[in-house]
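Data first, discussion second: the structure below is written as structure tokens.
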């Protein structure tokens, strides 16, 4: 167990964080929200970690935030936003592997990942309207950028849960698989990510997020100084797998 309610596993270059609070359907406690950013920082500092999976224990991704003590919190939601921003800023590819409920704060975390693979039967929802909570502006913008304004409004206005098929149609989910195939697909996909160019991935991640001119110049400089292109082209011509070594 890496932190209270968060377990950490490794399979080669792929790290997996598992949300584990099964007594409350993996709801995120205040301590769990606070523990996630430093855990992500430690993984980001490890050059051997090339991809990250976020998932939930015992057949549930995350049923949201544990609202016990919410009225006593002087800054409700601040910990969730900090965790979401840390996950979105993680410098390597991130994949949410979703089973069961992915609701409220759980959906907030899934949306902060780069990609979302889900098992059939999963359910998704963004539910602050049930509690009279103003959903954070940054989280709202991230959701709308992913699924479009209309779907974001539907989720936020209604607090209704949608099934995995609708989540796939709206872009909330990238791949939908039978439950028994989810783990294998995620493992194979992330192993493939770990073999690709980290330079390409890191630059693409920032460009998609809207990198400014200074960051564009940064990545152009990184490309000029790195040996990634030489290795990639040479491997292609030699009909072998490339051995990319860029770690940032």
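When residue 159 is tested against (1) at pLDDT below 95; (2) on the phi > 0 side of the Ramachandran plot, just one condition goes unmet, and that condition is (1). Of all residue pairs spaced 6 or more apart or on separate chains, those with beta-carbon atoms under 6 Å, a first member in segment 13-39 that is farther than 23 Å from residue 187 by Cα and a second member that is surrounded by fewer than 17 Cβ atoms within 10 Å (Cβ to Cβ) and at pLDDT below 95 are 31/4; 35/3. The set of residues in segment 1-15 that are touching a helix residue (DSSP H, G or I) at 6+ places or on another chain (Cβ under 9 Å) and either modelled with pLDDT under 95 or more than 21 Å from residue 79 (Cα to Cα) (or both) comprises 2, 3, 4, 5, 11, 12, 13, 14, 15. Only residues that are assigned to a helix (DSSP H, G or I) and either crowded, with 16+ Cβ neighbours inside 10 Å or in contact with a strand residue (DSSP E or B) (Cβ under 6 Å, 6 or more places away or on another chain) (or both) were counted in segment 164-193, giving 13.
Does residue 216 count as farther than 22 Å from residue 114 by Cα, more than 17 Å from the chain's Cα centre (by Cα) and surrounded by fewer than 15 Cβ atoms within 10 Å (Cβ to Cβ)? The answer is no for residue 216.
Can you tell me which residue is farthest from residue 48 (Cα to Cα) among those in segment 196-213 that are over 16 Å from the mean Cα position of the chain (by Cα) and surrounded by 14 or more Cβ atoms within 10 Å (Cβ to Cβ)?
Within segment 196-213, the match that is farthest from residue 48 (Cα to Cα) is 211.
The values are calculated or read from the model by the stated rules, or taken from the named source; none is laboratory data. Because the structure is a prediction, the values reported are computed rather than measured. A quick note on method: Cβ atoms are made from the backbone with ideal geometry, for glycine too, and the neighbour counts reach across all protein chains shown.
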